[in-house]
1. Mind sorting 325, 115 by how few other Cβ atoms lie within 10 Å of their own Cβ, fewest first?
2. How far is helix 367-376 tilted, in degrees, relative to the longest principal axis of the Cα atoms in the chain, given as a value from 0 to 90 rounded to the nearest 10?
3. I'd like the FRET efficiency for residue 98 and residue 381, computed as 1/(1 + (r/R0)^6) with the beta carbon distance as r and R0 of 25 Å, rounded to 0.05.
4. How many percent of Cα pairs in the stretch 327-425 exceed 25 Å?
5. Could you tell me how many cubic angstrom of Cα convex hull volume the stretch 4-72 has per residue?
6. What is the stretch 382-444's relative contact order, in percent, from Cα pairs under 8 angstrom and six or more apart in sequence?
7. If you average the sequence gap of Cα pairs under 8 Å that are 6 or more apart and divide by the length of the chain, what percent do you get for the contact order?
8. Where does helix 335-349 land angle-wise versus the long Cα axis of the chain, in degrees 0 to 90, nearest 10?
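Taken together, the values in this text are just the output of simple stated rules run on the coordinates, not laboratory data. Since the model is a prediction, treat every value here as computed from it, not as a measurement. Because the Cβ atoms are built from the backbone with ideal geometry, glycine has one as well, and the counts that use them run over all protein chains shown.
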């Protein structure tokens, strides 16, 4: 681990005229360059020309080294570079075998006799069961950190959801909305994806399961119809399906509501319950996909790409529509060849008429999320590429990189079938135009 304080002192010694905030930016840039180039921070500092005697000159020198392609294409940098905050003892151990076996099951008193609470007790008899007045009260009396998040799979919470049933996807201001609606049938995921936004929510000490699925159904009866709705925002839709047994009940509910479309989003191959019931044409099973190399490097404990595609084929053959989400797409040397192979594989497993839609999005994050990634996945290389703050405040690849990715991916997909709906996730209308894509109109 880099000695952050030592790096700060080195920057101060070399540039004593810099204030706190400007020192912070220089430290951040030096760290990122040294990590990417596998060089000592001191080597990066000593490479700064001696005639760079002002903050703009020093920063420009480091920007040219850190973001050469972005500068060459005239990209603008918004906002300041965030402070470097590295902590010991919070990295994820990805060497352990993956299995779901909670040590503690906390149950809200209001759902103590629920089917889900009883089922969890039977499935995990060695787990300690504790009654609690409410999940909110439990959170208020505990202090949580990134380390707590690392052990989240050891703690299951069975709760009664009272408010957060269905909501429209909270798209970033200024982007083209996808019209999606989310249902949060749980919070927390046992997978360890290096880029996951959930890891920024360090007040989640475990996996939360709502025991009152019927209340979700009642809420939807009063919700706008003729929409695209799905689970998968705050948890993987199917990783716990053999435990909760939610999917058959969801399918049976939505098969009677033909104006709406329900999607299960997953990185698992856990489709056994879906295959054991009669499918419905308005049920979509969607998979997040990436080249297997990137799955191995960034999506720990998830199903391999081949197993995801095999599961998609089974669902398609059982009568379900399937979907695929290239989100996030990673930019790295050789990315185009790798992603072209994934597109080729998809169409070898599933016929075009079985694909409901394909979404495209690139790696993006908040500043705080980036800090969590640096601490939980210190060896991850996904942050080494040219990523910086865009107009929306998110850290992204440069505009021209995203444009080229979307054009290439759309061309690969359309080469197999022109009619497959393709849409961009969290991108402004200017990006749709630059990528030569028409705004895809899907059920809202």
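1. 115, 325
2. 80
3. Between residue 98 and residue 381 the formula returns 0.65.
4. Numbers: 1356 of 4851 pairs.
Every Cα pair in the stretch 327-425 considered, those over 25 Å come to 28 percent.
5. On the way: hull volume 5.7 nm³, N = 69.
Convex hull volume per residue, Cα atoms: 82 Å³.
6. Working: 35 pairs, mean separation 15.0, N = 63.
Normalised by residue count, the contact order of the stretch 382-444 is 24 percent.
7. On the way: 728 pairs, mean separation 66.2, N = 444.
Once normalised by length, the contact order is 15 percent.
8. 10
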